Amino acid sequence: MTDNTFTGMDELYRDFILDHYRNPRNAGTLDNPDATFEDLNPLCGDKIRMDLKIDDGVVTDVKFKGRGCAISQASASLLTEQIKGKSLAEINKLGKEDVLANVGINISAARLKCALLGLKVLKSALALKYVEEPDL
Amino acid sequence: MSAIVKPQTQGLTQADVARIRANFPILAERPHGKQLVFLDSAASSQKPVQVIEAMDDYYRRYHANIHRGVYHISELATEAYEEARASIARFIGTPCAAECIYVRNATEGLNLVAYSWGRSNLKRGDAILLTEMEHHSNLVPWQVLAQQTGAQLRFVPVADDGRLDLHDLDNLLDGVRLFAFTAVSNTLGTINPVRDLAARARAAGAVSVVDACQAVPRMPVDVTEWGADFIAFSGHKMLGPTGIGILWGRKALLDAMPPFLTGGGMIGVVELTKSTYADVPARFEAGTPAIAEAVGLAAAVRYLEAVGMERIHQYELSLAGYALERLAQVPAVKLYGPPMSDRTGVISMTVGDIHAHDLASILDSEGVCVRAGHHCNQPLMEKLGVPATARASFYLYNTPDEVDALVSAIEKAKRIFKIA
Ligand SMILES: Cc1ncc(COP(=O)(O)O)c(C=O)c1O
């Protein structure tokens, strides 16, 4: 208990987070993606681009490319694993809680933006593609 | 592990620093239950009670609008505002208080020059010279000016060691009307040869603008000795409040410049369709100014003068030297910037593959405040080839123990990230 904030940091940066940071899953880009978007967090310079292949309303492939802190990159990596094979309807329901559940710990307000960047990029990519079908 | 030898600090003794620290209430704060180790003074310094009380006293006893009321407390406020200007002028070595214009911060000062001097003096085909190490505040206003006037932007390159590469300066200055450069880099800590750069600008027929944000707080500055034409700095980085800064300019240049913002306080005679403008400095101080902040900045200047700028500078250099020495011994720490002979107490670093934000979060959990990111220096970071660095900066209230706290927090971060 004397060192509980440090333990907090230990919990935030658990092995699987470091693993996703250092070995991001679905890293790279797709040729001819059906949806794509890139965004950055201008305050800290975290950057993520996401490419999606969508077949019949289902995400069949996804790749992401980015740079930034362990939280932003690991949560994007986790998100790509989570959405592969999912329908757009399911993906549309994903929110902040799902990202936090992936990361597995409550994050301070200052770092929440980092954790949510991947989800923001994903939603923007889909919004851009399905701009004419808002209820998808 | 070999015993750590604490440095013999220069400039200030341990007892001096203990007395100084007692003047800064915030240093007693305990974020996350840890002692606050504030290593981000280059972004904004903390404030001594002398400054806080001067502003408090102003609001309690003699707040009123200035240059307007004929009643007693308005006269007191006006006097305090103008005396503050005179103290600041003395502090930077000019006998002419009217050359010091109150602005909100250095950013506003630089914009004022770009707007008022720039628009009436630059034309298509003229050149503006900058350096690759400028803060966005000393870059974007000139980009806008170049777009508006058709002038061309040029850049003095930064060498790999973090110093300006001045080999080609004479060529670069050819055809230049304005040369704007920082006195000290806020990212690398590099001290630039201001006097030499200003002299070479003058010889080439260019006006020189010095971003002195990181210099005025931490070293003796004498504008006469520098020989530049304009100098901008912010109060909040030199123990003063936010919301006030200074643009110093040569009187002859200021006198010839049109106003920046217009309205009350900066006028001579106002008719319905036209007006004449007040003399410098009032011409550039439209609207009710930051009076309490001027009073606070003057108190900050008195504090700095009482300690002594040369001593502050020496002390900061000795702390930075100690920090560089200790950090250089930590495996996986990479340090940026020039050798000690050409730098101040601003240290940028990366640690293994830990992103600067993760590093800063972990240091914060130990009470250690450092800056993480691009430090408003994106082009320079591109050049260094790193997305972001963590930056520690030292000031008169920091101690060798705090350098040790920084190093051990970095060691914790390395353990969490499993870096040898
Ligand atoms: C070198 C330099 N120039 C300009 C600025 C901008 O200062 P302000 O935000 O107070 O206008 C800063 C502060 O970060 C700085 O370090």
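Nothing in this text is a laboratory measurement; each read-out follows from the coordinates by a stated rule. Note that the structure is a prediction, hence the values are computed from the model and not measured. Don't worry about glycine lacking a Cβ; one is built from the backbone with ideal geometry, like all the others, and counts go over all protein chains shown.
Between a first residue in the stretch B:103-128 that is of a type in the set (Val, Ile, Thr) and a second residue that is assigned to a loop (DSSP other than H, G, I, E, B), which pairs have beta carbons less than 6 Å apart while being 6 or more apart in sequence or on different chains?
Going by the 6 Å Cβ cut-off, the qualifying pairs are B:Ile128/B:Ala151.
Restricting to the stretch B:117-141, and then to whatever is assigned to a loop (DSSP other than H, G, I, E, B) and closer than 23 Å to B:Lys237 by Cα, can you tell me which residue is nearest to the ligand (Cβ to nearest atom)?
Step by step, filter the stretch B:117-141, then rank; the result is B:His135.
Is it the case that the stretch B:331-352 has a residue that's buried (at least 23 other Cβ atoms within 10 Å of the Cβ) and under 11 Å from B:Ala413 (Cα atoms)?
The answer is yes; a qualifying residue exists.
How about the stretch A:66-103: which of its residues are in contact with an Asp or Glu (Cβ under 8 Å, 6 or more places away or on another chain), within 19 Å of A:Pro33 (Cα to Cα) and either in contact (Cβ under 8 Å) with a residue 60 or more places away in the chain or within 14 Å of another protein chain (Cβ to nearest Cβ) (or both)?
Answer for the stretch A:66-103, where residues must be in contact with an Asp or Glu (Cβ under 8 Å, 6 or more places away or on another chain), within 19 Å of A:Pro33 (Cα to Cα) and either in contact (Cβ under 8 Å) with a residue 60 or more places away in the chain or within 14 Å of another protein chain (Cβ to nearest Cβ) (or both): just A:Gly66.
Does any residue in the stretch B:180-191 that is closer than 17 Å to B:Gly321 by Cα come within less than 6 Å, Cβ to Cβ, of a residue that is within 11 Å of the ligand (Cβ to nearest atom) and assigned to a strand (DSSP E or B) six or more places away or on a different chain, and which pairs are these?
B:Gly189/B:Val346; B:Ile191/B:Val184
Residues that are away from the ligand (no atom under 16 Å from the Cβ): list the helices (runs of 4 or more DSSP H) wholly contained in the stretch B:2-116 that include at least 1 such residues.
The qualifying helices (runs of 4 or more DSSP H) are B:14-22, B:49-57, B:72-91.
Can you list the helices (runs of 4 or more DSSP H) found entirely within the stretch B:199-312 that contain at least 2 residues being within 16 Å of the ligand (Cβ to nearest atom) and surrounded by fewer than 24 Cβ atoms within 10 Å (Cβ to Cβ)?
So the answer is none; nothing clears 2.
I want to confirm something. Restricting to the stretch B:316-371 and keeping residues that are within 13 Å of B:Ala388 (Cα to Cα) and of a type in the set (D, E, K, R), which single residue is nearest to the other protein chains (Cβ to nearest Cβ)?
The residue in question is B:Asp358.
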